[in-house]
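Below is one structure, written out as C-alpha cells, with a few remarks after it.
Every number here is computed from the coordinates shown, using simple stated rules; none is lab data. Since this is a predicted model, take the numbers as computed values, not measurements. Heads up, the Cβs are rebuilt from the backbone with ideal geometry, glycines too, and the neighbour counts pull from every protein chain shown.
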Ligand SMILES: Cc1ncc(COP(=O)(O)O)c(C=O)c1O
C-alpha cells in the first residue's frame, strides 16, 4: 500500500512519491533483495509469482496485513494475524494455514530477511478462477509474504510534520465495504493519495459519506484539543489500526485523556496537534491541514506518545 514516501530495497520510488515525501539520501534503503515466502516455502523474489487468473489480481479479491519487525521480532503479530483471519472470514475466504503455521511462516521470513528491522506484507488472494467475479470456483487461495527493508517517511516529515489535504474522494462506508476488512481493494485510497500528491501534500485525509473524518489513505488520524486526544471511532470509516490501538493503550498508561469521537474537518482545522499512525508510518506529526497551520507540530502530546511508542518497539 502507498505509504508516506515509501521506498523499497530495490531503491524503487516513484517520482511522484519522491516529490511528495522527499526521502533524504541518508535514508536511502540498502539494496538487499526482498525475501519472499509463497505457499509454504521461502522462494527467490523472481519465483514469487501468482497467476494472471488469480482473483486477487483481477478483482482485488483478497486480504492482507502490513507488519513491522523490529530487532528480528514481528510487532504485535498476534493482533495482525487475528485481524487477517477476521478480514478473511468477513469475505468468506478460507486461509489454508493455521494461525500457528502463519506465525512460523512470518518468523522464518524475518529470519531470512536482509535486515532485522523491516516491513512485511502478508497477502491472501482468492486464487485462480474463471474470468468473472464469482469466487465460488476459486479453490486454492494463494498466500505469500514479502519482507523488505523499508524507510517509509522522510526526515523532513518526521521532524517538521506532514502536510495533509482533505481529499474529494470519500472513504467507502460500512454499507459498501466494512472498514475493518483489510482487503486488497485500495483504489479509493489510492485516488485520495493521488489528490495529495497533485496538491503537493504528503497525505490525504478521507471523509466518510457524512463529511466527517474517517482516516488517512494508509493511516489513522488523531488530533489533540485542550490536552485531550481524539480519534474517530472505527465505525466512522477507519481501519481498526493496530498502531492506533497501541497509541490508545499508551495514552491510558500515561494518563492522557482520550476519546473516540466523530470529528468534522473543523475539528482538524482547529486542533492544537494532529498526527497520523500506521504500521509503516509509525507516528507522524501533521503540520498543515488544507493550508491551515497546526500550531504545535510536533506537539507535547505527540512527543510523549511517540517516545513511549519508540520504547515499546525497541524493547
Ligand atoms: C486505510 C488504513 N488505515 C489505517 C492503517 C493503519 O493501520 P495499522 O496501524 O494497523 O497499520 C492502514 C495501514 O495499512 C491503512 O491501510
Only residues of segment 273-310 count here: report those whose backbone N is under 20 Å from the spot 7 Å along Cα→Cβ of residue 73, or say none. 279-280, 282-283, 306-310
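Counting only C-alpha contacts under 8 Å and six or more residues apart, can you give the relative contact order of the chain as a whole percent?
Value for the chain: 18 percent.
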Normalising by the residue count of segment 79-230, find the relative contact order in percent from Cα pairs under 8 Å and 6+ residues apart. 18 percent
Antiparallel bridges, percent of DSSP beta bridges restricted to segment 155-314 (to nearest 5): 65 percent
Taking springs between alpha-carbon atoms closer than 10 angstrom, which of 272, 175, 202 fluctuates most in the Gaussian network model of the chain? 175
What value in Å³ per residue do you get for the convex hull of the alpha-carbon atoms in segment 237-315? 101 Å³
Against the longest alpha carbon principal axis of the chain, how many degrees, from 0 to 90 and to the nearest 10, is the axis of helix 99-112 turned? 80 degrees
If each DSSP helix of 4+ residues adds -39,500 (n - 2.57) and the sum is divided by the residues in the chain, what number results at 222 nm, nearest 500 deg cm²/dmol? -8500 deg cm²/dmol
Can you give me the angle between helix 242-253 and the longest principal axis of the chain, using Cα atoms only, in degrees from 0 to 90, rounded to the nearest 10? 40 degrees
Before anything else, pin down the relative contact order of segment 155-314: Cα pairs under 8 Å, at least 6 apart, normalised by residue count, whole percent. 25 percent
Anisotropy class of segment 142-196 from Cα gyration tensor, a/c 1.5 cut: oblate
So if I take the alpha carbon set of the chain, get Rg, then get Rh from the Kirkwood formula, what is the Rg over Rh ratio? 0.95
Cα extents of segment 155-314 along the principal axes, largest first, in whole Å, come to 37, 29, 29
How far, in degrees from 0 to 90, does helix 300-314 lean away from the longest principal axis of the Cα atoms of the chain, to the nearest 10? 30 degrees
Translational D (Stokes-Einstein, µm²/s) of segment 166-261 at 4 °C and 1.567 mPa s when Rh comes from the Kirkwood sum over C-alpha pairs? 94 µm²/s
